[in-house]
Structure formats: structure tokens, C-alpha cells
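Worksheet for the structure shown next.
The values are calculated or read from the model by the stated rules, or taken from the named source; none is laboratory data. Only a predicted model underlies this, so the values are computations on that prediction, with no experimental measurement involved. Cβ sites come from the backbone with ideal geometry, for glycine too, and all protein chains shown count toward neighbours. Keep in mind that these areas ignore ligands, DNA and RNA; they rest on the heavy atoms of the full protein, side chains included. Shrake-Rupley method; radii C 1.70, N 1.55, O 1.52, S 1.80 Å.
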Amino acid sequence: MSRARPRARRSRYSVSHRLTRSVPALIGAVLLVAIVVTATVAYRRIDDFLSATTGKHLTLGAVVEAVQPDPGTIAYKLQHGQQVNILLLGMGGYENDAPFLTDSIMAVTIDPNSHRVMLASIPRDLVVHMNLQTNQSSIWTNKINAAYEVAYTNIICCIAPQYTGHDGGGHAAEHEVGKITGLTFDRYIAIDFKAFRDMVNALGGVDVCLTSNLDDYTYPNYGHGYIAIHFRAGCQHLNGEQALQVARSRHSIEPEQSSDFGRSRRQQDIMEAIKKKATTVNGWSKAPQLLDALQKNIHTDMSLSDMKAIYDWGKNLPDSSIIKLALTAPAAATAGNFLYAGNCGMGPYASQLCPEDPSYRRIKQFIGSVFIDPAILAERAPVQITNGSYTYSDLADRVTTMLDPVGLQLADPVMHQSSRGTVILDYSGGRFPLTAKWLASYFGGTVVAATPTSPAPARGQQTYGLVVVLGHDFGVRWYAL
């Protein structure tokens, strides 16, 4: 089988972890200060906010937990070098005809040991076979963006108790995204379009840079119709409505902007802009407006302790410590990685994305390997991925796109002579032992010493550093054949 696409010029990735460690976290820190220094009126305001967003009231125990965290809490994990996983969801809200469908789905992993954060975007059109009902053998096939709404609509019957109530939608989404990524989520945050728009306006707007023009003539308005939107390439100041348009647009005439890859990148860039604005002195002065913006339109199971802990941990995190990636299918502007566009259970007329490996093993392996040891990255080994897998003509392109965000020094991929097994050709004379060992472990290959003439190089292949020749064995694993 082969779903080959032309190799598009690769661009380095960008996306949106920021809400997790900026606005709610910022608010958590503001809340903690207010608890200590303000009187009864401030207490009532804080209690109103916590009650509206989490369904819980402020207690003395919550304040104590923020200072002395219990084992298993986010604060405790961050203090003891344990990874924290948070699911970030963006939904239409009551201004939308499908208020609980999550247009934006992002898995955030905080790794306190390496002081890095992974942000992984999952496309809303990914079709999954969900088991959210009391009968665990009942399977509901739908797009991943529908998982959140099962708690708040009658779309299917007999929902399991853990997926009902205030946090039911968040926990349902956590369950399904967890099956894909292999992550167990500690908390979730769901924010709707109105809160997003009001949050940007409360900050006085944000500055965002686009890599190309964005022209979308079928952007949905608020009356079941469409409007045309236009944003020029380059940096510009956006208000709340404009930021929402840039984040949501799906049908730009520019190929670079119309793919899920381009959309995820814009969302991440906007959230980065929000984080920068919210963590400035001016952003702190906007805390009351941010509380008003978020109070009625954000849902989360995060506690005061969680919010403070994430803010304290990530307030000074540099952009270089953020690994931004997305699950994608081949499109005009990207080779894609783990997905393909097709019919995976919802009929021939629905827009769908399907996993190349229905078991999600390759996705889970990658998500679990994102935080490469800094000692490996410090070798700065030149690496090239080549395709010797017989029939999977776009495999090297997909693997290179997959690895782009993790910090390896990657060259453009090329085809290679056929190979049954995967090998790592070492042209360096052993100068990059840590990188060679990591590549051999990840790809299940053998390291082989090579010279510029032996074995004979493929056309366009580098003859220095390390070259991964993907064999038929890896192709079979990639496509779960």
C-alpha cells in the first residue's frame, strides 16, 4: 500500500500550550495573592470565580493545599520530577450551533526533569471508536471532537457515570485522547469561543505573525451564513474577534493555511501571543478583566493549587523549551505523519482523518519519546532519513515531518535502495554514539559503520553523520500490516 504525496518544503512547527501555563495559571497566582492580602469582598469574588469554572467553592483546605501539596496533585508532581499531562479544549459555546464540539484539542505534557513542555495538536476530524457507555463493548464511531459533548447532549444513550456531570465531558475527552496518545491526563481545561475572544480583548489584543496571507471566503458567521476574512502575511495586532477568526479558519485559499497543520500552527502562535501578553506587568493589571472574561465560559477540574503550581513552574519558561507538534495527514503544505484522509467509518461524504496504524502504537511511541535526552541533542549529529521500505514511497517524508519538532539536525529525506531491515549508517566513525544509539532503539535498527563509497549511497543521500535507512520491517510496523 502507498499513499504517496509529493514532498512539500518543510517548515518548522509552531502551536498552543499557552493557556495551560498562562491565563488559568496566571489567574491561579492572582487568586493566591488575593486570598492573603484582601478582605471579605475579594474572597467572595474569588469564590464566585472558582465556583463558576470548577463547580467547587473556595475552602481553607484549598489554600493550604496550594502551599503544602498532597501526593498525586499537580504541585506535588512538579516538585518531585513527575510529568504532568493536561488536556486543553476549545469549543464553540452557546454562540455556535454545536456548542460542545471541540474545534481545538491539544495535549500538554510538562516534564519538570528536563524543564520542557510538549504541546501536541490532535485534529478534530480524526475518527475514533469510542467506548463511553455503561456497556464497555458498545462502540460509538465518530470524530474525536464529539467526545466532550456526550455529557451535555443526548447524542448517545447510556453514558457511563464517570462521563456525566460537570466534568463528564472533560473526562470523556481525556479518555479518548488518552487512547490515541498513551497519556493519562491529570486535568483538563475547556474554553469556548466567547471566553477566548473576551480574554484577548481584556488583554488589549495580541500581536501575531503569519507566514503567508490568509484569505477565507467561507468563514462561518453567527447566523448560519458565511463572511470573507483577509489577513496579510507578517506581524499584526489582533483584537478578540480577529484572533478567533485566525484560529478557526479552515478554508483559506492559501494551501499553507488551509491544512490542519497550518490551522494548528496558527492556534499555537496565538496562544503564545496570549501567554506573552498575560505574563507582562500590563497583563497582571488586567487580572480582574480576565476573571470576568473567563468566569462563565471556561470549565476545568483544576484546583487552586494546580493553577498556582503550573504558573510557578512555567512563568519563565523560554520558547526554546516548548516542543510543538501535531498529528497530520498529507496535504498541500506538508507531507503529514501518522494520518491519512479517507473513509474510516463515517461514510464517503464526511471529512475524516484516519490513523495509518489503527492500534495507535506508532503515535504512542512517538509521544512517549518526544523528550530526547539533552545530551543526545547536544551532539548535533547530522541525520538523514531515507526510504528503503520497498513500497511505502512517502515513508521517509512522513518520518522526517514527525521528527522535525524534537530537536534533531535533520536533512531532507530521499529514497534508498530496498532493504528488508532498518539500518543506521554511521559515516562519522563513532563521533555521535548517543544519537546513533537513540536512532537504533527508536527505529529497531542496527548501527553499521559506513564510508562514502560503501555501502553504495543512494542518489541525493548524505555520506556524513548518520543516515537512517528505513527497511520493510519498519514500514510494516508503521502501517500496522
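Based on every Cα atom in the range 80-214, Rg and the maximum pairwise Cα distance Dmax equal 16.3, 50 Å. Over the range 433-481, the fraction of Cα-Cα pairs per 5 Å bin, rounded to whole percents and listed from the shortest bin up, is 5, 18, 26, 21, 20, 8, 2.
How big is the charge dipole of the range 97-238 about its Cα centre, in debye rounded to the nearest 20, if each Lys and Arg gets +1 on its Cβ and each Asp and Glu gets -1 on its Cβ?
Values: 8 positive and 14 negative charges, 25 e Å.
It works out to roughly 120 debye.
Suppose every K and R has +1 on its Cβ and every D and E has -1 on its Cβ; what is the size of the dipole of the range 322-463 about the Cα centre, in Debye to the nearest 20?
180 debye
The distance from the alpha carbon centre of the range 393-463 to that of the range 331-348 is 26 Å, rounded to a whole number.
Evaluate 2.2 N^0.38 Å with N set to the residue count of the range 356-481, then give the Cα radius of gyration divided by it.
The reported ratio for this selection is 0.98.
Going through the range 348-417, which trypsin sites (Lys or Arg not before Pro) have at most 13 other Cβ atoms within 10 Å and a DSSP loop state? Before the final figure, lay out each step's value.
Working: sites: Arg361, Arg362, Lys364, Arg380, Arg398; in loops: Arg380.
Filter output for the range 348-417: Arg380.
Classify the range 277-427: rounded, prolate or oblate, from the alpha-carbon gyration tensor (a ≥ b ≥ c, eigenvalue square roots; a/c under 1.5 rounded; otherwise prolate if a/b is larger than b/c)? Verdict is oblate for the range 277-427.
To the nearest 0.05, what FRET efficiency results for Ala449 and Lys315 with a Förster distance of 51 Å applied to their C-beta separation?
Working: r = 47 Å, r/R0 = 0.93.
The computed FRET efficiency comes out at 0.60.
Magnitude of the charge dipole for the range 252-404, about its Cα centre and with charges confined to Cβ atoms of Lys, Arg (+1) and Asp, Glu (-1), is about 420 debye. Cα convex hull, the range 316-404: 157 Å³ per residue, rounded to a whole number.
Other residues whose C-beta falls under 10 angstrom from the C-beta of Asp357 contribute a net charge of +3, scoring Lys and Arg +1 and Asp and Glu -1.
Protein heavy-atom accessible surface, 1.4 Å probe, per residue over the range 166-291: 38 Å².
So for the range 409-450, what percent of the C-alpha to C-alpha distances run longer than 12 Å?
Details: 551 of 861 pairs.
In whole percent, the share of Cα-Cα pairs in the range 409-450 beyond 12 Å is 64.
Measuring how big the range 191-242 is from its alpha-carbon positions, Rg and Dmax come out at 12.2, 31 Å. Calculate the FRET efficiency for Ala332 and Gln79 from the Cβ-Cβ distance with a Förster distance of 41 Å, rounded to the nearest 0.05. Efficiency, from the Cβ-Cβ distance: 0.35.
Using a probe of 1.4 angstrom and keeping all protein chains present, the accessible surface of the range 339-452 works out to 42 square angstrom per residue.
Compute the Rg to Rh ratio over the range 368-422 from the alpha carbon atoms, using the Kirkwood formula for Rh, and round to two decimal places. Display every interim value, and only then the final one.
Details: Rg = 12.4 Å, Rh = 12.2 Å.
Here the Rg-to-Rh quotient is 1.01.
Sort Tyr479, Tyr152 by accessible area with a 1.4 Å probe, largest first.
Numbers: Tyr479 5, Tyr152 75 Å².
I get Tyr152, Tyr479, largest accessible area first.
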